[in-house]
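The values are calculated or read from the model by the stated rules, or taken from the named source; none is laboratory data. From a predicted model like this one, the values you see are computed outputs, not experimental measurements. Cβ: placed from backbone, ideal geometry, glycine included. Neighbour counts: every protein chain shown.
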Amino acid sequence: MENISIKKHLIIALVIAILLLVFSVKFKQKGKLLIKLFLSIYILIITYVILYDIYLQFNLNRFDIDNNGFFNSNEITTEQKKAMQKLSSDTGRNFSFITSIFYSGILSIILFKLTGLIKKPNG
């Protein structure tokens, strides 16, 4: 069985985002709410990607019956092939630290506008 590995570029992006969020907590201005929302959503997306990648690796490793790190002819099944395909199709997960910037930006703007609508007094 292979060791579970975590992609370094995702960890670096996660640590940077967490540090930026910690430092942005000190600011009380309204514009900083947008930054906090953006960073929080970004952290959630990157954390999900990391956990999903770990799950896919664990799922593939359970097919390695003799724990030698290779799949013998008796270990290769249709389920194993599907698990291998899911793990090896990782372009989206590898570029998620970039694409999630756009998704986080869009979601944070929407949430920021919604919080602005909720907080406005009537009249």
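Residues in segment 68-86 that are surrounded by fewer than 11 Cβ atoms within 10 Å (Cβ to Cβ) and either of a type in the set (Lys, Arg) or modelled with pLDDT under 70 (or both): GLY69, PHE70.
Which of the residues spanning segment 87-104 are at pLDDT 90 or above, hydrophobic (A, V, I, L, M, F, W, C) and assigned to a helix (DSSP H, G or I)? PHE97, ILE98, ILE101, PHE102 - these are the residues of segment 87-104 that are at pLDDT 90 or above, hydrophobic (A, V, I, L, M, F, W, C) and assigned to a helix (DSSP H, G or I). Can you say whether PHE38 is aromatic (Phe, Trp, Tyr), surrounded by 11 or more Cβ atoms within 10 Å (Cβ to Cβ) and farther than 30 Å from LEU114 by Cα, as far as the supplied structure shows? Taking the combined requirement at face value, the residue does not satisfy it.
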